[in-house]
Structure formats: structure tokens, C-alpha cells
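First up is the structure itself, then whatever we jot down about it.
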Amino acid sequence: MRNLILTIFCLFPLISFSQSDWNWWNEKHGWEPGMPSWRSFLHITPGYLGPNALPVPDVKKGVVQSGANFELGFDFHFQEGDPTQDLFVKYYRSFAGNKVAIELYGVAVEHYAMSEFIRDERVARDFDGKGFAIGDLYFSTLVQLVKGKKFPDTMMRMAGRTTSGGELEAARYSDSPGYFFDFSFSKEYPGQKENLSFQPFASFGFYSWQTNDDLNLQNDAFMYAGGADFKWSKWTVSNSLSGYSGYKKERDRPMVYTFDLNRKFKYNTFRIQYLHGLRDWNYQTIKLSVIWNLKNSL
């Protein structure tokens, strides 16, 4: 398992190939020598990039989970003109009596096939609009602030994003760093039947990422989420609404509804998610993943 994790994460810094003849792009977008670089034509916002460039962060629920695990998932993003598939990986480990945890995660490889309309709307320079891309690597620290008190369980998350994502010319990733932090809260209420419980949760925070605008070098956003878990025996069903709101108003206010179904087994967990973009992230996504509990962590 250790070798598998290390091999997958080694894929992130791979360099992708690009096209060298840009006459078609220059003519289509009116670029002439002496004008600003083609990069200034791009919009570094979630509504003008691929589904994995600036996604709404996954929703946290106020609790640092115990143990260590490795998640491997296959994601299928559906949007007219930009069907995308990717391989997602994640490593998680808790420390200090489950008061602190770390996460490393990202898209190991993505396959895309843009239509001409989507390619031109995003001002992409990938002529055929098809190919593969390596995703950004995220790293985060989780800190348990309150647990088991009258006040709801409370956790703080601090996360950063690298610039390992490739294919900027295809408008798949932003080639810019970013970070976010949030506070999440939850309270579990046991049901009348055994092994049945209800857990509402909510979070708020701040998200910032670098742009290509010389006058506004970063976009800042308020981040939010809310929802509830229904737990019965080894099953967990979750519904949530999450998003963030940038200040530039250039398709930078994505909002997503997420349905999440988990089934625990003896040594692993099977997970199915359905994401429906409600604003500025116009994808419908199905995520299938397996989470392995690791007895021997790295």
C-alpha cells in the first residue's frame, strides 16, 4: 500500500505536451504582436476552467476522524461540451489522540474532451480540445477545537493548493496557488431506534487564489456549507449545500448540492457521491471510491 501511494503522488509533477502553432488562436481571439500575453485572456475562475481546477472544497463536519486511511476514486463529470473523467487519490492520518489530522489529496490524472464552443468560451489554446492533464495537489491540517461538550463539536481546517495542475493552455487548471480555511460544527442526536442517529452540520470560512489580473492579483471568497447526516448501523446518508463567493463576479461563486452514501465494511468503506452544480460550476458529477483503513500508516 505504501508503494502504491508514493507511486500515485509521484505523477503530480509530470509535464504535459503542448501545441506550438497558435495562428488559429491568434486569429479567433484577435491577438497581435505587442498585445499582452495569451495568459491575460484567460479567466481564472471555476466557471471558465475544468471541473477540478477550483472546485468547492469537500464539506467537513466538526470532527477529526480517528485512524489512517487511503481513498481511491473514479469521478465522472457531465457537462454538455466538456465530459471529463478522472482518478482521485487521498491519504488521511490523525495524530495526538485524534485532536489533529493531515490530508494529502488531488486528481492524479484527468481525461477531457471539450467541444469547440467550450474551448473558445474559455479562450483555451488546445486546438482539438482533447487530452489528459495532471491535477493540483492539496494538503490540509485539521484541528479539533471542541468535542463531546454541550457546545457543538468544532474543527478548524487549514488547506493549501500547489500549482502542479497541468494544461493551462487547455484551461483545465489555473497554474496558480491558493489556500482556504474554515470552521465546521456538528451535533449528533441519537434516534429512538438502536444504531440510528441524526447529525446536522455547518461550516464557514475563507478561500483565496491567485489570478492573472495585474490590478487584482488574487480573488477572495467567503466559503460556506450546511447539511445533515442520517446514520443507521453501517450506513451513512448525507445531504449538503456548499459553495464560495468570490468578489470579481466572473463565474466565481460556485454552489453545489451533494448527496453522499457510505457503507462501512470490516476493513474498508465504499462511497458513492452525486454532485449537482447549481451556480458557476455547471457539472453533474458521480464519484465512486473505496476507502481502505490502514493499520500501518506511513
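Throughout, read-outs are computed from the coordinates displayed, never taken from laboratory work. The shown structure was predicted, so the numbers you read here are calculated from the model rather than taken from an experiment. All Cβ positions, even for glycine, are placed from backbone atoms using ideal geometry, and neighbour counts span all protein chains on display.
General remarks:
- Shown here: semi-axes √(5λ) of the Cα gyration tensor in Å, derived from the displayed model; of the candidates (1) 38, 25, 17; (2) 41, 20, 18; (3) 36, 20, 18, it corresponds to (3).
- As a calculated quantity, the FRET efficiency between GLU121 and PHE222 at R0 = 22 Å, using C-beta atoms, amounts to about 0.25.
- Between region 114-172 and region 24-54, the C-alpha centres lie 19 angstrom from each other.
- Cβ-Cβ distance of ALA96 and VAL290, R₀ of 25 Å, FRET efficiency by 1/(1 + (r/R0)^6): the value works out to about 0.35.
- Charge tally for PHE41 (other residues, Cβ to Cβ under 12 Å; Lys, Arg +1; Asp, Glu -1): 0.
- Listed residue pairs exceeding 30 Å between alpha carbons, taken from LYS28/LYS90; LYS149/LYS193; LYS193/LYS264; LYS60/LYS150; LYS130/LYS287; LYS60/LYS234: LYS28/LYS90
- Cross-link partners for LYS147 among the aspartates and glutamates, with Cα-Cα distance under 15 Å and sequence neighbours closer than 8 places in the same chain left out: GLU188.
- In this simple spin-label approximation, PHE230 and TYR274 carry label points 7 Å from Cα along the Cα→Cβ vector, and these lie 1.4 nm apart.
- Ranked by the mean number of other Cβ atoms within 10 Å of their residues, highest first, the peptides 221-229, 207-215 fall in the order 221-229, 207-215.
- Which of LYS287, LYS249 has the fewest Cβ neighbours within 10 Å, and the rest in rising order: LYS249, LYS287
- Between PHE78 and TRP24, full extension at 0.36 nm per residue minus the direct alpha carbon distance yields a gain of 16.7 nm.
- For peptides 32-42, 110-120, sequence by mean Cβ density within 10 Å, most packed first: 110-120, 32-42
- Taking a straight line from the alpha carbon of LYS99, these aspartates and glutamates sit under 17 Å away, with near neighbours fewer than eight places off in the same chain left out: ASP153, ASP182.
- Here r is the Cβ-Cβ distance between LEU241 and GLN85 and R0 is 25 Å; the resulting FRET efficiency, rounded to 0.05, is 0.50.
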